[in-house]
Amino acid sequence: MDSISILALMTFFDINNIFFTALGYSMSYLEFFGTVAGAIAVWLSARANIWSWPIGLINVTLFFFLFFQVQLYPDMFLQVFFFITNLVGWWRWANPKLGEEDKKRELKVSRMTTQWLIIFGGISIIGTFVFGSLAKNLNEFFPTVFSRPSAFPYLDSFVTVMSIGATYLMVQKKAECWAVWILTDTIATYLYFAKGIKFVGIEYLVFCFLAAFGLWNWIKEYKTNLKLQL
């Protein structure tokens, strides 16, 4: 790759490189294409379509650079996790164990037990406190990397922890993942509007409705699978 190509790539990942301006809002290439990829990935996930995972890889790569530039550091680190889990989820859905496959020979939708729901809630509370405490002091621990303090460290950490949990549940194709996403996306919508990345905020507002559809669709598919087993 020559120097001109490298410069063009670096410019693309700069949040100040504006793609267009609409209604007084300046849209960067990074925010626009990251958001579009994310919307497509979530829509496919709600439909239990395995192609949601590779498209999600594009989304999380672009959002990693976006969140770094708006000081949402827990969200930035979350994209690394998402990148890995998109690869794992892609493989998991395509390679179900014996008895886990649906009619498409992919991983079928299942439900969580009450015990695991309680454990999930406890881990989420502890994880939010730990991540929030770390995020609050990142600029003091690593001042050369994080020149400004983290914005909304605990609220942002809640989104991070719940997103990790919801993604794990999605990899395992648990229907409850969508209930977690509804809560998480609601908080994330507020955060992104507060930080001025309004297009991402609008996307996450739409995600709330897509998550509601995903919950309905996955429960319906779960019930269908139960009938086929009888």
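Bear in mind these aren't lab numbers, they're just calculated from the coordinates by the rules spelled out. A quick note: this is a predicted structure, and the numbers were derived from the prediction, not measured. Cβ placement follows ideal geometry from the backbone for every residue including glycine, while neighbour counts extend to all protein chains displayed.
Expressed in nm², what is the orientationally averaged projection area of the convex hull enclosing the Cα positions of the stretch 103-224?
9.0 nm²
Apply the Kirkwood formula to the stretch 160-226: the hydrodynamic radius equals the inverse of the mean of 1/r over all pairs of different alpha-carbon atoms; give it in Å with one decimal.
On the way: mean 1/r = 0.0813 Å⁻¹.
Taking the inverse mean of 1/r over all distinct Cα pairs, the stretch 160-226 comes out at 12.3 Å.
Neighbour counts of other C-beta atoms within 10 Å: give me Val80, Val171, Val200, Val36 arranged from fewest to most.
Ranking Val80, Val171, Val200, Val36 by Cβ neighbours within 10 Å, fewest first, gives Val80, Val36, Val171, Val200.
In debye to the nearest 20, how big a dipole does the stretch 3-229 give about its Cα centre with +1 on each Lys and Arg Cβ and -1 on each Asp and Glu Cβ?
That gives a dipole near 760 debye.
Which of Leu215, Tyr204, Ser157 sits closest to the plus end of the dipole of the chain, meaning its Cα is farthest towards the positive end, when Lys and Arg get +1 and Asp and Glu get -1 on the C-beta?
Among Leu215, Tyr204, Ser157, the one farthest towards the positive end of the dipole of the chain is Leu215.
Using Cα-Cα distances under 8 Å and only pairs 6 or more residues apart, what relative contact order does the chain have, in percent?
Numbers: 326 pairs, mean separation 44.1, N = 230.
Once divided by the residue count of the chain, the mean separation gives 19 percent.
Pop out the Kirkwood hydrodynamic radius of the chain from its pairwise C-alpha distances, inverse of mean 1/r, in Å to one decimal.
Taking every pair of different Cα atoms in the chain, averaging 1/r and inverting gives 18.7 Å.
If R0 is 35 Å, what FRET efficiency do you get for Phe65 and Ile219 from their C-beta distance, rounded to 0.05?
E(calc), rounded to 0.05, equals 0.45.
Given the rule -39500 (n - 2.57) for each run of at least 4 DSSP H residues, summed and divided by the residues of the chain, what is its mean residue ellipticity at 222 nm, to the nearest 500 deg cm²/dmol?
-24000 deg cm²/dmol, from helical runs alone.
Taking 0.36 nm per residue of separation and subtracting the Cα-Cα distance, what length does fully extending Ile118 through Ala212 add?
Full extension from Ile118 to Ala212 adds 31.7 nm.
Excluding same-chain pairs closer than 8 in sequence, count the lysine pairs in the chain whose Cα atoms lie under 24 Å apart.
Summing the qualifying lysine pairs gives 29.
For the pair Ala22 and Trp51, how long in nm is the line joining their label points, each one 7 Å along Cα→Cβ?
2.3 nm
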